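The values are calculated or read from the model by the stated rules, or taken from the named source; none is laboratory data. Values in this document were obtained by computation on a predicted structure and should not be read as measured data. Counting neighbours? That spans all protein chains shown, and the Cβs are built from the backbone with ideal geometry, glycine included. The accessibility values were calculated without ligands, DNA or RNA, using every heavy atom of the protein model including side chains. Shrake-Rupley method; radii C 1.70, N 1.55, O 1.52, S 1.80 Å.
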Amino acid sequence: MNGKTFRNRLLASSVIAGATFAVVTAPAVAQEEEEAVQETVLVTGSRIAKQDFVSNSPISTVDAETFELTGSINTEDVLNTLPQAVPGFDRTSNNPGGGFATADLRGLGASRTLVLVDGKRFVPTTSGGVVDLNNIPASMIERVEVITGGASAVYGSDANSGVVNFILKDDFEGLEANLGYESTFEFGDAQFYSADMTIGANFDGGRGNVTMNVGYTYREEVFQGDRDFSNVALGDGTDDFVEFGSSGVPAGHSFSNFTFPDGTTGQAIFSDDNPGGVRRWINSGPGNDRYNYAPVNYLQLPQERFNATTVARYEITDTVEAYGRFTAAFNLVPQQLAPTPAFTSVTTQLDNPFLTPEQASILGQLDTDGDGAITTFVGRRMGEVGERRSNDDFFAFQVQTGLRGTIADRFD
């Protein structure tokens with residue numbers, strides 16, 4: 001059945017039920033008072049035709065005003081503020097990350113959160129069915145409905161943690177243009193630029209509507225080295241924050257259980273800055289020998305996005321409506337990591353001509369079996385070839401059309 005018929009029947013049922021309840025339980029004087037009648041019943045765009053706290057599994061609704069007041073350019077920024085959502089991939093997801101934004105309800109993973117647009121599945125970004133929220137234009141959203149219980153009974157295992165249903169505007173009339181700019185106040189970076197335009201019109205006495213939207217978004221990159229709190233990597237296997245040598249050791253051979261001149265034993269290193277001998281490996285603290293990979297990693301991923309959406313509907317009869325939607329989006333999101341690490345163990349002959357006499361003599365201390373060879377660990381960052389960079393280009397489009405309504409007053 002269509003929205004009007006269903007709404008009218010629910011209203012009639014509410015009035016009848018309310019009147020019956022009043023006759024049975026209320027005194028005579030109460031019957032003369034004006035009865036409270038629920039004016040509207042809002043039917044959602046999903047198959048779950050209840051909402052908010054009146055359903056068995058409460059639905060949280062985020063309306064278009066929330067997006068407007070927050071000025072959010074990307075929809076995940078608003079969804080991540082909900083208590084039932086755990087932030088998934090977003091603008092900060094450089095490693096791990098795939099260049100897309102996700103919804104993650106109850107922390108069960110994006111592949112267990114079903115994303116719908118007008119109650120229907122949207123184009124997935126990955127083979128696991130994960131949807132990139134960047135492809136849904138924020139300015140076209142009428143409301144977002146989030147349900148976290150019982151959805152898998154309707155939609156299957158990809159809705160184990162819940163459903164996020166984006167309802168797009170299909171009754172917009174007029175012209176709206178938006179320009180947006182965002183930047184950090186202290187540093188003047190991390191800039192956002194956005195522009196979009198929405199145009200819509202009713203026709204045939206309001207029986208039909210066509211709404212179109214086009215938009216462009218540009219997001220500037222920010223590196224971890226641009227902030228004091230992220231400029232230094234956190235030490236793996238240590239109990240505290242460790243400065244991973246801002247100078248660092250770009251290449252070196254290290255070996256453990258070396259006996260130093262003072263009689264102590266520890267990990268030693270041959271390094272590029274000490275070609276004539278060995279020194280003790282500095283694992284943590286100022287001037288340590290670890291590589292500081294943080295500064296060249298993204299703190300905020302850059303992004304460039306184009307999108308276009310058209311939604312149309314027409315009431316053929318009082319009970320049958322034709323509808324259609326076209327969505328297209330192009331996203332470019334680069335990612336960047338520190339130069340490739342090359343870590344391996346190698347066996348070195350003590351008569352290797354590339355060893356200095358001092359090095360050969362020192363390494364000889366480790367040749368306990370007398371075979372003229374020892375095994376050392378070699379670690380190096382391939383700085384000459386630059387950082388590891390990947391460009392995630394994703395183009396998606398979807399076309400949907402059909403008829404919806406009531407058949408013989410019994411089936412929808």
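Regarding region 376-390, can at least one residue be identified that is open to solvent by 70 Å² or more (accessible area, probe 1.4 Å), farther than 30 Å from T309 by Cβ and of a type in the set (S, T, N, Q)? Taking every residue of region 376-390 in turn, none turns out to be open to solvent by 70 Å² or more (accessible area, probe 1.4 Å), farther than 30 Å from T309 by Cβ and of a type in the set (S, T, N, Q). Criterion applied to S183, S194 was being within 21 Å of the chain's Cα centre (by Cα) and surrounded by 16 or more Cβ atoms within 10 Å (Cβ to Cβ), and the one residue passing it is S194. For first residues located in region 69-95 and of a type in the set (D, E), partners that are open to solvent by less than 60 Å² (accessible area, probe 1.4 Å) and modelled with pLDDT of 80 or more and lie 6+ apart or on another chain with Cβ distances below 6 Å form the pairs E76/A101; E76/L133; D90/A101.
Please tell me if T217 is open to solvent by less than 30 Å² (accessible area, probe 1.4 Å), under 30 Å from T317 (Cα atoms), at pLDDT 90 or above and touching a Lys or Arg at 6+ places or on another chain (Cβ under 8 Å). So T217 does not fit the description; no. Scanning region 119-133 for residues that are touching a residue at least 24 places away in the same chain (Cβ under 8 Å), open to solvent by 30 Å² or more (accessible area, probe 1.4 Å) and not β-branched (V, I, T) yields K120, G129. Of the numbered criteria (1) assigned to a strand (DSSP E or B); (2) without any contact (Cβ under 8 Å) to a residue 40 or more places away in the chain; (3) not small (G, A, S), the one L116 fails is (2). Only a single item in (1) open to solvent by less than 30 Å² (accessible area, probe 1.4 Å); (2) over 30 Å from D189 (Cα atoms); (3) within 41 Å of the chain's Cα centre (by Cα); (4) not charged (D, E, K, R) is not met by A312, and it is number (1).
Rundown of residues vs (1) touching a helix residue (DSSP H, G or I) at 6+ places or on another chain (Cβ under 8 Å); (2) at pLDDT 90 or above; (3) closer than 30 Å to L234 by Cβ; (4) open to solvent by 40 Å² or more (accessible area, probe 1.4 Å), yes/no style:
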residue	(1), (2), (3), (4)
A308	no, yes, no, no
Q365	no, no, no, yes
G402	no, yes, no, no
T406	yes, no, no, no
